[in-house]
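Heads up, the thing below is written out as structure tokens.
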Amino acid sequence: MSVPTLPVPALRRSVAPALFWLWAFAAHALTILLFSHPLPIADQWDTEGMLLFVPWVEGNLPLELLFGPHNEHRVFTKRVFDLLVFTLNGQQWDNQVLALANTAIYATTLTLLFGFVRSATQGLARRVLPGLLLLLPLLPFNYENTLWGFQSQFYFCFLFSVIALLHLARRPQLPAWGLVLLGCSLAALFSLASGVLLAATLALLVLLDRRAAVAPLRRYGVIALLLAVLAAGLLLLPHVPTDAVLKAQSLGEALSAVNRLASWPLPLLPLAWLPLLIWLGLQLKQRRRPETADVFFFGLAVWVLAQIAATAYGRGHTLTSLPSRYLDSLSFGVLANAYFACRLAGAAAPWPRARRLPAAAAAGAAGLAIAAGLGLETVKSVYLINQFHDSWQAREWVTAALVRGEAQAGDNPMLPYPHIENMPRFFSQPSMRRLLGIQDGRYQPLCARPDLARLSRAVCALQSLLPASPLPQFEAQPPGVAGNSSDCSLDLLAGLAQDDSLVRGAPLRFAGWVGPTARSALPPLADAAVVLVGNGAVYAAPSRLVHPRLDVARHFRPRPGYFWTGFSLIAGTQNVQPGDYAVWLRAGPGTLCRTGNLIRVS
């Protein structure tokens, strides 16, 4: 009996998507191994641990819990996926294993886009978009979704949305066309609250798409069913009274949030959307039959705009900056806008000069906004992802201190779970203690446990091959402090009890600014540090995380050297001897500033 084989052309066509999937997975996996941590944090403690994994291992998980609410979402797909990964990992709770499993979903979504771009686009788009797709997994702007294993609901929503939009664009004539759209709409609805908007997006696109001779009864029947999914989804959305304060409180707030979201990655007017608006105007004027790629990327842009509207409404009151977890969906908007910029540039080539120049300017402005914005986002994200990593390590110290019964650790804001009053409940539950690795009153880091599951063991082995980035520590310095020769402000000092004391070894978090800096310093604030002075001893911890402070530069204008003055630092105090210390900030050699803050190490 002969073994069936793929034809050579089909095999060749599958090689590039397979290699791309490996690239996307490996790029995200490297980020996870470098910056993530196996310790569950925040919502994972109750939503994953107490409500899902504990009942599962005890054999009393109710089926209805899988469809139950989590805040404003119904995350059925996430819960089923988490149970699958948890079971495959020998019922060992490991945030990094969950994050790597999520990366497989993300890589699959990008691979679907990559395959479509290679087969359905041409000209400039076929040269630019694959490069952009290769770049996206490398950029850390979406570090929260990448590093936090809790975020699979976002990736499932993206996957089902892309599958539905691809199916609508490529196969409107298939008998099962409507069933695929309905199935993806339902799956997105039970992945994320804003997933309900996929049904609305598809209904609009089915109404507008006139490429295929679809029978009116069938077309309007699919639209009616999609609208029914939309209505059911809106009725099923959980109402969380405590989240009302997060919503936009006025039309002005909502529009401001829309502008902020639509302008990403460059925080200006949403220039990147210009080519889409021009293409849409030309399409309405000329009434040409759109290409398959036009339909898909227009649908993708509509879906992104729906996500923007939902986020602006649901979080508009507090959206002063864009959380990393929202940026994945906005990156799909970048891809759609890049396509229409390429489409416009290619279509304008034979036009008369009077029409060609404005079109080329719009396409160039969009491309420049995307390129410059992604560059700025990368610089900012490198700073934030390091801060996220340091805070995760600090949380592990606080977790171990809480398990040991050190009450002062409960005053530390770097808690693994935000509600300190619930921590005793977690630590007293036998199954939860086993999941967290608590034995004999001690918390044991996952990679140091003797009963490591197979997947966790592989992750720990890979991580050991990479350069470690331990939490910075205060180190002893030669005694003696220079005079107050610089300006500074300590905006945040976190980790102290109410009497400004802390247990030796506890992490402290600092944020503020110190300057001026030498304009020739590369990188800026290369010698920035927090310095503790007292009892005849000096300890310093250098800040790896520096950033611009435009407000400080404006205040000291026209004096130079105040732009790169912002810093953030999380550092341990294991090496600091007990005693009282004054907090100083150092901008460079011999330039120290006393903050006026005092701490007591016991």
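Taking residue 545 as the residue in question, decide whether it is modelled with pLDDT under 80, hydrophobic (A, V, I, L, M, F, W, C) and open to solvent by 60 Å² or more (accessible area, probe 1.4 Å).
On the way: modelled with pLDDT under 80: yes; hydrophobic (A, V, I, L, M, F, W, C): yes; open to solvent by 60 Å² or more (accessible area, probe 1.4 Å): no.
Taking the combined requirement at face value, the residue does not satisfy it.
One line per residue, one yes/no per condition, for (1) assigned to a helix (DSSP H, G or I); (2) buried (at least 19 other Cβ atoms within 10 Å of the Cβ):
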{"position": "539", "(1), (2)": "no, yes"}
{"position": "554", "(1), (2)": "yes, no"}
{"position": "567", "(1), (2)": "no, yes"}
{"position": "570", "(1), (2)": "no, yes"}
{"position": "574", "(1), (2)": "no, no"}
{"position": "582", "(1), (2)": "no, no"}
{"position": "596", "(1), (2)": "no, no"}
{"position": "599", "(1), (2)": "no, yes"}
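Condition check for residue 43 on (1) open to solvent by less than 60 Å² (accessible area, probe 1.4 Å); (2) modelled with pLDDT of 90 or more; (3) at negative phi: one failure, at (2).
Please tell me if residue 493 is on the phi < 0 side of the Ramachandran plot, out of contact with any His (no Cβ under 7 Å at 6 or more places or on another chain), part of a loop (DSSP other than H, G, I, E, B) and modelled with pLDDT of 85 or more. So residue 493 fails the test. Answer yes or no: is there a residue in region 347-365 that is in contact with a Lys or Arg (Cβ under 7 Å, 6 or more places away or on another chain), open to solvent by 10 Å² or more (accessible area, probe 1.4 Å) and in a helix (DSSP H, G or I). Within region 347-365, none of the residues are in contact with a Lys or Arg (Cβ under 7 Å, 6 or more places away or on another chain), open to solvent by 10 Å² or more (accessible area, probe 1.4 Å) and in a helix (DSSP H, G or I).
Yes or no: residue 188 among the hydrophobic types (A, V, I, L, M, F, W, C), within 26 Å of residue 51 (Cβ to Cβ), open to solvent by less than 20 Å² (accessible area, probe 1.4 Å) and out of contact with any His (no Cβ under 7 Å at 6 or more places or on another chain)?
On the way: among the hydrophobic types (A, V, I, L, M, F, W, C): yes; within 26 Å of residue 51 (Cβ to Cβ): yes; open to solvent by less than 20 Å² (accessible area, probe 1.4 Å): yes; out of contact with any His (no Cβ under 7 Å at 6 or more places or on another chain): yes.
Yes.
Considering 448, 461, 409, 394, the condition of being at pLDDT 85 or above, surrounded by 17 or more Cβ atoms within 10 Å (Cβ to Cβ) and farther than 30 Å from residue 344 by Cβ is satisfied by 394 alone. Test residue 141 against the stated conditions and say whether it is buried (at least 21 other Cβ atoms within 10 Å of the Cβ), over 28 Å from residue 236 (Cβ atoms), at pLDDT below 90 and among the aromatic types (Phe, Trp, Tyr). The answer is yes for residue 141. The listed residues are 496, 452, and the only one of them that is touching an Asp or Glu at 6+ places or on another chain (Cβ under 8 Å) and in contact (Cβ under 8 Å) with a residue 60 or more places away in the chain turns out to be 496. Select from region 316-337 the residues that are open to solvent by 30 Å² or more (accessible area, probe 1.4 Å) and in contact with a Lys or Arg (Cβ under 7 Å, 6 or more places away or on another chain) and write down the one among them that is nearest to residue 272 (Cα to Cα). Looking at the filtered set, the residue picked out is 322.
Within region 222-254, the set of residues being in a helix (DSSP H, G or I) and in contact with a helix residue (DSSP H, G or I) (Cβ under 7 Å, 6 or more places away or on another chain) comprises 222, 223, 225, 226, 227, 229, 230, 233, 234, 246, 254.
Given the structure, is residue 264 surrounded by 14 or more Cβ atoms within 10 Å (Cβ to Cβ) and modelled with pLDDT of 85 or more? For residue 264, the condition - surrounded by 14 or more Cβ atoms within 10 Å (Cβ to Cβ) and modelled with pLDDT of 85 or more - is met. The set of residues in region 46-70 being touching a residue at least 24 places away in the same chain (Cβ under 8 Å), open to solvent by 70 Å² or more (accessible area, probe 1.4 Å) and not in a helix (DSSP H, G or I) consists of 67, 69.
Output the residues belonging to region 280-297 that are farther than 20 Å from residue 330 by Cβ, open to solvent by less than 60 Å² (accessible area, probe 1.4 Å) and either part of a helix (DSSP H, G or I) or touching a strand residue (DSSP E or B) at 6+ places or on another chain (Cβ under 8 Å) (or both).
Those that are farther than 20 Å from residue 330 by Cβ, open to solvent by less than 60 Å² (accessible area, probe 1.4 Å) and either part of a helix (DSSP H, G or I) or touching a strand residue (DSSP E or B) at 6+ places or on another chain (Cβ under 8 Å) (or both): 281, 282, 283, 292, 293, 294, 295.
Screening residue 236 with (1) closer than 25 Å to residue 70 by Cβ; (2) hydrophobic (A, V, I, L, M, F, W, C); (3) at pLDDT 90 or above; (4) open to solvent by 20 Å² or more (accessible area, probe 1.4 Å) gives one miss only, at (3).
Among the residues of region 205-218, none qualifies, meaning not one is under 21 Å from residue 295 (Cβ atoms), in contact with a Leu (Cβ under 9 Å, 6 or more places away or on another chain) and open to solvent by 50 Å² or more (accessible area, probe 1.4 Å). Residue pairs whose Cβ atoms lie under 7 Å apart, sitting 6 or more positions apart in sequence or on different chains, and linking a residue in region 422-443 that is over 14 Å from residue 398 (Cα atoms) and open to solvent by 30 Å² or more (accessible area, probe 1.4 Å) to a partner that is among the aromatic types (Phe, Trp, Tyr) and part of a helix (DSSP H, G or I), are 433/427. Is it the case that residue 242 is loosely packed, with under 12 Cβ neighbours inside 10 Å and polar (S, T, N, Q)? Yes: the conditions hold for residue 242. Would you check if residue 469 is in contact with an Asp or Glu (Cβ under 9 Å, 6 or more places away or on another chain), assigned to a helix (DSSP H, G or I) and surrounded by 10 or more Cβ atoms within 10 Å (Cβ to Cβ)? In short, no. Scanning region 219-233 for residues that are surrounded by 20 or more Cβ atoms within 10 Å (Cβ to Cβ), out of contact with any Gly (no Cβ under 6 Å at 6 or more places or on another chain) and of a type in the set (A, V, I, L, M) yields a total of 3.
The values are calculated or read from the model by the stated rules, or taken from the named source; none is laboratory data. In this text, all values refer to a predicted model and were calculated from it rather than measured experimentally. Positions of Cβ are backbone-derived with ideal geometry, glycine not excepted, and every protein chain shown enters the neighbour counts. SASA here: full protein model, heavy atoms, side chains in, ligands and nucleic acids out. Shrake-Rupley method; radii C 1.70, N 1.55, O 1.52, S 1.80 Å.
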